[in-house]
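The values are calculated or read from the model by the stated rules, or taken from the named source; none is laboratory data. Note that the structure is a prediction, hence the values are computed from the model and not measured. All Cβ positions, even for glycine, are placed from backbone atoms using ideal geometry, and neighbour counts span all protein chains on display. To get the accessible areas, we keep the full protein, side chains included, count just its heavy atoms, and leave off ligands, DNA and RNA. Shrake-Rupley method; radii C 1.70, N 1.55, O 1.52, S 1.80 Å.
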Amino acid sequence: MNMLAVRTAQASLAARIFESLRNGVGPDRARALLAEAVETDARCAGVAFARLAPRTPDLAHFATVLERWRDGGALAIENVALDGRTLSFAVTECAYARSYADMGLDPELGFILSCSRDEPFARGYSPRLSMQRSRTIMQGAPACLFTFTWDE
């Protein structure tokens with residue numbers, strides 16, 4: 001099963017859990033709890049991906065994750081640039097955003113379920129890796145612009 005199918009299945013369950021939480025603890029606390037769980041899961045996924053590095057985690061190996069992120073047409077990624085300490089690229093199409101919209105999910109919930117995974121995944125991969133993203137498709141931008149920086 002590709003990542004898009006996994007995330008879509010998770011989103012359906014997460015939306016129901018979020019509704020229950022919202023009714024029980026209020027919308028702000030529900031968002032915080034869901035975001036915390038998603039970020040913890042993403043950090044663990046980053047740690048697991050780092051274990052796949054041939055020697056030690058590094059930026060060149062981290063960049064191979066882009067193929068996984070493209071799998072099944074989940075993301076269209078363009079303008080990939082890997083030079084020394086920096087990996088940058090643009091996500092120009094996001095099937096997660098489309099799938100969540102088709103499911104009737106609020107874009108804020110979609111952001112928590114997908115976009116908020118990126119930075120903790122990078123931190124889980126290595127404490128030397130930092131991420132900047134100025135905007136997201138999920139929040140209405142035409143593209144997501146990413147820059148990952150490896151601190152020596």
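Is it true that some residue in the stretch 58-76 is open to solvent by 60 Å² or more (accessible area, probe 1.4 Å) and more than 18 Å from A122 (Cα to Cα)?
Yes, the stretch 58-76 has at least one match.
Of the residues A53, A101, A74, which single one is of a type outside the set (S, T, Y) and in contact (Cβ under 8 Å) with a residue 24 or more places away in the chain?
Details: A53 fails: in contact (Cβ under 8 Å) with a residue 24 or more places away in the chain; A101 fails: in contact (Cβ under 8 Å) with a residue 24 or more places away in the chain.
Within the list A53, A101, A74, the selection yields A74.
Just name the residue that is most open to solvent (accessible area, probe 1.4 Å) out of those in the stretch 104-114 that are assigned to a loop (DSSP other than H, G, I, E, B) and either without any contact (Cβ under 8 Å) to a residue 60 or more places away in the chain or basic (K, R) (or both). I'd like the intermediate steps shown before the answer.
To start, the set of residues in the stretch 104-114 that are assigned to a loop (DSSP other than H, G, I, E, B) comprises 104-106, 114.
Keeping just the survivors that are either without any contact (Cβ under 8 Å) to a residue 60 or more places away in the chain or basic (K, R) (or both) gives 104, 106.
On the way: G104: 63, D106: 87 Å².
By that ranking, first place goes to D106.
Residue by residue, here is whether (1) modelled with pLDDT of 95 or more; (2) assigned to a helix (DSSP H, G or I); (3) out of contact with any strand residue (DSSP E or B) (no Cβ under 9 Å at 6 or more places or on another chain); (4) of a type outside the set (K, R) holds:
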site	(1), (2), (3), (4)
A5	no, yes, yes, yes
A9	no, yes, yes, yes
S12	no, yes, yes, yes
R16	no, yes, yes, no
E19	no, yes, yes, yes
R22	no, yes, yes, no
R29	yes, yes, yes, no
A35	yes, yes, yes, yes
T40	yes, yes, yes, yes
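Of everything in the stretch 115-135, what is modelled with pLDDT of 95 or more and part of a loop (DSSP other than H, G, I, E, B)? Give them in sequence order.
S126, P127, R128
What tally of residues in the stretch 77-93 results from selecting those that are part of a strand (DSSP E or B), under 16 Å from W150 (Cα atoms) and either open to solvent by less than 50 Å² (accessible area, probe 1.4 Å) or in contact (Cβ under 8 Å) with a residue 40 or more places away in the chain (or both)? Lay out the reasoning, then the answer.
Kept after step one, since they are part of a strand (DSSP E or B), are these residues of the stretch 77-93: 77-83, 86-93.
From what's left, under 16 Å from W150 (Cα atoms): 80-83, 86-89.
Within this subset, residues satisfying the condition of being either open to solvent by less than 50 Å² (accessible area, probe 1.4 Å) or in contact (Cβ under 8 Å) with a residue 40 or more places away in the chain (or both) are 81, 86-89.
Total meeting the criteria: 5.
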